[in-house]
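See structure below.
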Amino acid sequence: NNQAATKAYVDSKVSDERVKKDVVALDYGLDDLMKLEAVTFNYTQDIHAKGRNNTRHHGFIAQQVQKVMPDLVYDDPLDLDNDGNSVSGDNIKGFDKTDLVPTLVNAVKELKAEIDQLKRDLANARSN
């Protein structure tokens, strides 16, 4: 459905400040990333039937991410009818890996600050 495709585009691509409200600095950073485990995996047959291929994938376990960053994880219907409603009522956990990018930026900033401090400490030690 074209409307869903348009909505997905709007949700994932628009970053203009004019369409955002209640903006707050993100607290997630390096410590949070260190709690996540990157994994490789294959999808089960249930997911193959939903159009996922049988190749090896890289990512995370949503339940693990939920423990660290609960607001990134959502419930997604496992099976949809033609109207977009769940047939079984069964949901699976999901999250968009691109939502980790702001946390990665914060982690890089934290590491940069640590490196800068270590450089200052080294320069001070050499000068004494």
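Sort through D71, D75, D99 and tell me the only one that's assigned to a strand (DSSP E or B) and closer than 25 Å to S15 by Cα. Only one candidate passes the filter, namely D75.
Of all residue pairs spaced 6 or more apart or on separate chains, those with beta-carbon atoms under 9 Å, a first member in the stretch 17-33 that is without any contact (Cβ under 8 Å) to a residue 24 or more places away in the chain and a second member that is open to solvent by 100 Å² or more (accessible area, probe 1.4 Å) and of a type in the set (D, E) are V23/E17. Reported count of residues in the stretch 70-87, each being open to solvent by less than 80 Å² (accessible area, probe 1.4 Å) and either of a type in the set (F, W, Y) or out of contact with any Asp or Glu (no Cβ under 6 Å at 6 or more places or on another chain) (or both), is 8.
The values are calculated or read from the model by the stated rules, or taken from the named source; none is laboratory data. Given the structure is predicted, the values throughout are model-derived calculations rather than measurements. Here Cβ is always computed from backbone atoms with ideal geometry, including for glycine, and neighbour counts include all displayed protein chains. The protein model used for the area step is the full one, side chains on, heavy atoms only, and it has no ligands, DNA or RNA in it. Shrake-Rupley method; radii C 1.70, N 1.55, O 1.52, S 1.80 Å.
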